[in-house]
Amino acid sequence: MSIEIRNATPDEYPALIDVISTAFLDRPDVARVATQVRPLWDPARTWIALDGARVCGSFRSWATELTLPGLGRLPAAAVAAVTVLPTHRRRGILTGLAAAEHAAIRERGEAMALLYASEHGIYGRFGYGSATRHATWSVDLGHTRVLAPVGDTGTVELVTPDVAIRDTIRDTYDAWRRTRPGELRRRDFTWDMRLGLEEEAWGEPWKGFVALHRDAAGHADGYLRYKAKNEWDQLPRNRLEVQDLVGLTDEAEGALWAFLGSVDLVASLRAEGRSPAERLPWRLSNPRAATLTELADGMWVRLFDVPRSLAARRYERAGSLVLDVIDDDAVGGRWRVALEASPDGATCVATDRSPDLTLPVAALGSVYLGAHDLRDVALRTGVDEHRAGALAEASAVFGTLREPWCSTFF
């Protein structure tokens, strides 16, 4: 029997969620999850594969906005819940689901798609490239002090989440993400779950602590969410687990780290999903007390409108390149574009000039935000250099001084 690919209806969400949970080896209350997501998921962005009447695959997205190097922003589709039942593998189902959503992304005018990959080897063949990194930072507080920021005139306040606090934190995050290349607009409804104001049907309710940093005028310019892992062995060996730490200024961010380091009965800090380039060691009296582990690929980027995407970001070095971007999923199969890049702005237009470089669209996704060197990416994806020195020039043009980072897992 052939496989049908189409949008799901809300009535099919229970079957869809059953497929998602099966693929991810989980057993939630499917009916309860379906009830919660029914008003939140857009059926036009929610795809299913059917084998007869049986849902056997899923693929969905939600609308977001990505902050680019130079702090421009572009609309993007955040892809999630990509699954195929273990009984239906190797039948082209994922290819069909991806093709359906990719066509819809182009019709909606979104410049790119973003995702987190459960397995590294899946998405390169669909044009996605690993574009950011994240890691876990741990601090042994028995061997260091967290230094209070010089010149901070603000205060840190523990707060009990309510609607007003939620709105303050949401607005603080929204202002912050506009200053961070690689960061996303979050969905409004997720803040209630992040703060424990609403129980998430898929998982345990959040129970933790929230702190705000306020500047000298009393305005919130940073926030912190954290939980405690209690461990006692005659002496307290408790650990604070940082889940969100955002500061609009260096002083606000530093004050929140210093607050964590001052909490009584705490032996260590642990912060997952942070930037590998986090400046945390520089905030410690003994930088060796901070360790970096679990370094991994973070968010992946898949460009759909190459000229628009390349023109929208800024470049810290000037350069002129003709790129031949191979994209088997695009109309015509490739993009031939002329990029004129500079710190002041960029243009990128279709051209018939001879290319300096030929590269797959997945490689361009990997370097788009500046996290990776194209010469390194080329070791796996391949890049054809048609002009001597063009690869090194492109690597320099796409690089950024500060590594991009996405704190938002989806």
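Some notes on this structure:
- For the range 129-139, the criterion of being in contact with a Phe, Trp or Tyr (Cβ under 8 Å, 6 or more places away or on another chain) and either more than 30 Å from Asp376 (Cβ to Cβ) or acidic (Asp, Glu) (or both) is met by no residue.
- Test: residue in the range 21-30 that is over 24 Å from Ala99 (Cα atoms), in a helix (DSSP H, G or I) and of a type outside the set (Asp, Glu): yes
- Among residues of the range 174-190 being in a loop (DSSP other than H, G, I, E, B), in contact with a Leu (Cβ under 9 Å, 6 or more places away or on another chain) and of a type outside the set (Gly, Ala, Ser), the one that is least open to solvent (accessible area, probe 1.4 Å) is Glu183.
- The range 75-89, subset open to solvent by less than 30 Å² (accessible area, probe 1.4 Å) and closer than 12 Å to Thr64 by Cα, residue nearest to the chain's Cα centre (by Cα): Ala78
- Any hit, the range 197-204, residues being more than 20 Å from Trp41 (Cβ to Cβ), of a type outside the set (A, V, I, L, M) and out of contact with any Gly (no Cβ under 8 Å at 6 or more places or on another chain): yes
- Scanning the range 310-323 for residues that are touching a strand residue (DSSP E or B) at 6+ places or on another chain (Cβ under 8 Å) and either closer than 15 Å to Val367 by Cβ or of a type in the set (A, V, I, L, M) (or both) gives Leu310, Ala311, Ala312, Arg313, Arg314, Tyr315, Arg317, Ala318, Gly319, Leu321, Val322, Leu323.
- Qualifying residue in the range 300-309 (condition: in a strand (DSSP E or B), closer than 23 Å to Gly182 by Cα, open to solvent by 10 Å² or more (accessible area, probe 1.4 Å) and of a type outside the set (Gly, Ala, Ser)): no
- Single residue of Gly92, Gly109, Gly127 found to be open to solvent by less than 10 Å² (accessible area, probe 1.4 Å) and on the phi > 0 side of the Ramachandran plot: Gly127
- Condition met for Val337 (open to solvent by less than 10 Å² (accessible area, probe 1.4 Å), touching a Phe, Trp or Tyr at 6+ places or on another chain (Cβ under 9 Å) and assigned to a strand (DSSP E or B)): no
- In the range 222-237, the residues that are among the polar types (S, T, N, Q) form Cβ pairs under 8 Å with partners that are surrounded by 10 or more Cβ atoms within 10 Å (Cβ to Cβ), at six or more places apart or across chains, as follows: Asn230/Asn238.
The values are calculated or read from the model by the stated rules, or taken from the named source; none is laboratory data. In this text the structure is predicted, and so the values were computed from the model without any measurement. Positions of Cβ are generated from backbone atoms using ideal geometry, with glycine treated the same way; all protein chains shown enter the neighbour counts. The protein model used for the area step is the full one, side chains on, heavy atoms only, and it has no ligands, DNA or RNA in it. Shrake-Rupley method; radii C 1.70, N 1.55, O 1.52, S 1.80 Å.
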